[in-house]
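Read the structure below first, then the notes.
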Amino acid sequence: MKPIIIAIDGYSSCGKSTIAKELSKILLYKYVDTGAMYRAVTLFFIQNNVDFKNIDEINSALSKINISFKIDEQSQIQETFLNNENIEEEIRVNPRVAGFVSDVSSISEVRRFLVKQQQQFGIEKAIIMDGRDIGTVVFPDAELKLFITAEPNIRAQRRYDELKSKGKGTTFEEVLANLTKRDYIDSHRDDSPLMKANDAIEVDNSNINHHEQLELILKLVNEKIGSKPNKIIYS
Ligand code: DC
């Protein structure tokens, strides 16, 4: 099977990483969650009181940042590390990270720093990467580009349920407001705004279930790699 690059873009909380993780297990491809990388940089900036408007402070902070991913042996879940510290939980539930990540990801220096690493990850292909600019900027020549969408209320409800299950006190309205704000900033920033690449295939999962979406995407993958993945595992 010819290894390919699968680029998955879309709005916040539309299930990009869930589908990307599933595909990576089925195809035995590497998976990179670029949102986690922007969240890691945001956490570092918050922890070190970096002034988002001061380019010197930003560059100096970036030179001290090392981001890596490791699979937890027990859970088989990929976790994000910032300078060798496991920050997976922190970047998902810390409201300050969610509050500032869109501002931090609008900074061109931050984008250049992370895009370079993301392109390195894909040198040998056989990779699935999700984010906002993967099909447009990081891998404009990716063999398969997906643009995942869902209605804002549905995305907010899914995110709210996820936070509630982790015991985080928040309201649906707060989640919806944060998501709407992030969508706006992500798609209106000057540097690499979120947009559907011309050759991306749009998948709206508002009214399809998880399995239907996976089946649909596996068909698209199959058309590109020219043979069926030998196993479909539903989790
Ligand atoms: O996918 P996520 O919600 O974890 O992403 C967090 C933020 O990072 C999101 O507001 C937009 C930004 N981001 C980006 O600008 N470019 C990417 N490739 C991935 C994420």
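The values are calculated or read from the model by the stated rules, or taken from the named source; none is laboratory data. Note that the structure is predicted; figures quoted are calculated from it, not measured. Don't worry about glycine lacking a Cβ; one is built from the backbone with ideal geometry, like all the others, and counts go over all protein chains shown.
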Of the residues in region 188-228, those that are at pLDDT 95 or above, in a helix (DSSP H, G or I) and in contact with an Asp or Glu (Cβ under 8 Å, 6 or more places away or on another chain) come to L214
Note on region 187-207: residues closer than 19 Å to V138 by Cβ and within 15 Å of the ligand (Cβ to nearest atom) are S187, R189, D190, D191, S192, P193, L194, M195, K196, A197, A200
Residue check, I91 at pLDDT 95 or above and in contact with a Leu (Cβ under 7 Å, 6 or more places away or on another chain) = yes
Test result for R96, surrounded by fewer than 16 Cβ atoms within 10 Å (Cβ to Cβ) and either at pLDDT 95 or above or within 13 Å of the ligand (Cβ to nearest atom) (or both): yes
task = Would you be able to say whether some residue in region 80-96 is touching a residue at least 40 places away in the same chain (Cβ under 8 Å), touching an Asp or Glu at 6+ places or on another chain (Cβ under 9 Å) and within 26 Å of L144 (Cα to Cα)?
result = yes
| said: Whether any residue in region 44-65 is of a type in the set (D, E, K, R), farther than 19 Å from K181 by Cβ and either part of a strand (DSSP E or B) or within 13 Å of the ligand (Cβ to nearest atom) (or both) is what I want to check. | reply: no
Conditions (1) within 16 Å of the ligand (Cβ to nearest atom); (2) more than 14 Å from the chain's Cα centre (by Cα); (3) surrounded by 19 or more Cβ atoms within 10 Å (Cβ to Cβ) -> L144 fails only (1)
If I filter region 121-132 for residues that are near the ligand (Cβ under 9 Å from one of its atoms) and either closer than 12 Å to S192 by Cβ or surrounded by fewer than 19 Cβ atoms within 10 Å (Cβ to Cβ) (or both), do I get at least one hit? yes
If we keep only residues of region 25-40 that are crowded, with 19+ Cβ neighbours inside 10 Å and part of a strand (DSSP E or B), then the residue nearest to the ligand (Cβ to nearest atom) is D33
Is it the case that I107 is crowded, with 19+ Cβ neighbours inside 10 Å and either closer than 20 Å to I5 by Cα or not aliphatic (A, V, I, L, M) (or both)? no
Residue pairs within 6 Å by beta carbon, gap of at least six or interchain, first lying in region 191-215 and within 16 Å of R155 (Cβ to Cβ), second more than 16 Å from the ligand (Cβ to nearest atom), listed first then second, are N205/Q213; S206/E151
